[in-house]
Amino acid sequence: MKKLFHLSALITLFSFIANAQVYNLPNLPFGLADYEPFVDAQTMEIHHDKHHAAYVNNLNKAISGTAMEKISMNDLLMYASFRSATVRNNAGGHYNHSLFWDILAPKEKQGPISSELQKAIDSKFTSIDSLIATINKAASTRFGSGWAWLVVTPQGELAVYSTPNQDNPIMDISAERGIPILGIDVWEHAYYLKYQNKRADYLSGIWNLINWGAVSDKYAAALTDPLLKELEKDNWLAIKDFHKVMAQTFHPAEEKNFAPLRTRSGELYAKAILLKNSTPPTSANNERVQEALTRLEKQCLDIHQLVQKPSKDEEKKNTQLFEMITKAHDIFHEVEGLCHD
């Protein structure tokens, strides 16, 4: 019996390890000397083998033994405000640098820009030269360390953003959201050995290494990435506010604890009103969302009125409240799905 217990424990442990997310340092696509003269070999070596490696190692240590081992990088980034500073900084550092290496290549290895990306750039920025000037401005005016980004926004458009440190536009702490398809690292360790404090010279040189073929591939992938809709929905602040109160009242009710619902039914109703009067994402089926929001507001009003109503049978009242909050929860999930056919 004891042997069977140990065997079961080992199987459980191996199963957890197999499902755990362990991040690895990606190899540089080219030799260190291939990035010369625009980025010197020693800088590339230190940048990749020391700085990026440290982000990977620190991230793995920070999430080891936690639920974060089993979630995706996108989830780590999207809810960065809920993560520790260690997880936020190192997850961002790993994601940002992995993208950076993907889009750098020596001239002879660079692919052409796609007609789709060229058209999008011309439409938004008039030309690649104008886009480069816009990104360089974002990079040069970034105080201290950080990144300048070309992103695909939740509306499927191109935009240029800048973030501090190892943040990026996927993170919920970023005021401007989107999927990065090109990033310029302006931490001093990216250029200091060759360019010293001359960030402008580094920015002038780095464009010689930008592989527009790789950027084009990332552009095409971003346009169809489900993450875009997730970012759009995550930017709907009214639904996030409602969701928080719903979670803090519904889940205790599932455990037959109705105190949070009874004390916060008015807040739940108020958040439902604000949600009903807010503007849903453009990708939503607006007619269906509005109809669902109307039902949700009415359901929350009914819950609040029942809470306020005197009752001689509290057990029966709790049963009614649970049925009603469950219905509200179901309607909320309709809204979360943006009520598409």
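From the list GLN155, GLN166, the lone residue that is on the phi < 0 side of the Ramachandran plot, at pLDDT below 95 and not small (Gly, Ala, Ser) is GLN155. Taking the criterion of being buried (at least 20 other Cβ atoms within 10 Å of the Cβ), in the same structural domain as ASN58 (by TED's automatic domain parsing) and over 24 Å from the mean Cα position of the chain (by Cα), would at least one residue in the range 89-103 satisfy it? No, every residue in the range 89-103 fails to be buried (at least 20 other Cβ atoms within 10 Å of the Cβ), in the same structural domain as ASN58 (by TED's automatic domain parsing) and over 24 Å from the mean Cα position of the chain (by Cα). Determine, yes or no, whether GLY178 is in contact with a strand residue (DSSP E or B) (Cβ under 6 Å, 6 or more places away or on another chain), more than 26 Å from SER283 (Cα to Cα) and crowded, with 21+ Cβ neighbours inside 10 Å. Judged against the criteria, GLY178 is not a match.
How many residues does the range 65-77 contain that are touching a helix residue (DSSP H, G or I) at 6+ places or on another chain (Cβ under 7 Å) and either closer than 16 Å to ILE170 by Cα or loosely packed, with under 13 Cβ neighbours inside 10 Å (or both)? Even if it seems obvious, please write down each step before you answer.
From the range 65-77, those touching a helix residue (DSSP H, G or I) at 6+ places or on another chain (Cβ under 7 Å) are 68-70, 73-74, 76-77; that's our starting set.
Of the ones still in play, those that are also either closer than 16 Å to ILE170 by Cα or loosely packed, with under 13 Cβ neighbours inside 10 Å (or both) are 70, 73-74, 76-77.
The total comes to 5.
Residues considered: ALA62, ALA18, ALA80. Of these, the only one that is small (Gly, Ala, Ser), in contact with a helix residue (DSSP H, G or I) (Cβ under 6 Å, 6 or more places away or on another chain) and at pLDDT below 95 is ALA80.
Each row is one residue, and each column tells you yes or no for (1) under 33 Å from the mean Cα position of the chain (by Cα); (2) assigned to a helix (DSSP H, G or I); (3) β-branched (Val, Ile, Thr).
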position: GLU287; (1), (2), (3): yes, yes, no
position: GLN290; (1), (2), (3): yes, yes, no
position: LEU293; (1), (2), (3): yes, yes, no
position: LEU296; (1), (2), (3): yes, yes, no
position: LYS312; (1), (2), (3): no, no, no
position: THR326; (1), (2), (3): yes, yes, yes
position: ILE331; (1), (2), (3): yes, yes, yes
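Does ALA85 meet the test of being buried (at least 23 other Cβ atoms within 10 Å of the Cβ) and either under 18 Å from the mean Cα position of the chain (by Cα) or closer than 21 Å to ALA175 by Cβ (or both)?
On the way: buried (at least 23 other Cβ atoms within 10 Å of the Cβ): no; either under 18 Å from the mean Cα position of the chain (by Cα) or closer than 21 Å to ALA175 by Cβ (or both): yes.
Taking the combined requirement at face value, the residue does not satisfy it.
Surrounded by 15 or more Cβ atoms within 10 Å (Cβ to Cβ) and free of Cβ contacts under 8 Å to residues at least 12 places away in the same chain: is that true of ALA259 in this structure? Answer is no for this residue. For the range 244-264, the condition of being over 21 Å from the mean Cα position of the chain (by Cα), hydroxyl-bearing (Ser, Thr, Tyr) and either more than 27 Å from ALA139 (Cα to Cα) or not assigned by TED's automatic domain parsing to the domain that holds ALA105 (or both) holds for at least one residue. Checking the stated criteria, ASP302 turns out to be free of Cβ contacts under 8 Å to residues at least 60 places away in the same chain, among the charged types (D, E, K, R) and under 21 Å from HIS243 (Cα atoms). Checked across the range 248-256, the condition of being within 16 Å of PHE322 (Cα to Cα), among the small types (Gly, Ala, Ser) and either at pLDDT below 95 or surrounded by 15 or more Cβ atoms within 10 Å (Cβ to Cβ) (or both) holds for at least one residue.
The values are calculated or read from the model by the stated rules, or taken from the named source; none is laboratory data. Here the structure is a predicted model, which is why all the values come from computation and not from measurement. Note that we place each Cβ from the backbone using ideal geometry, even for glycine, and neighbour counts take in every protein chain shown.
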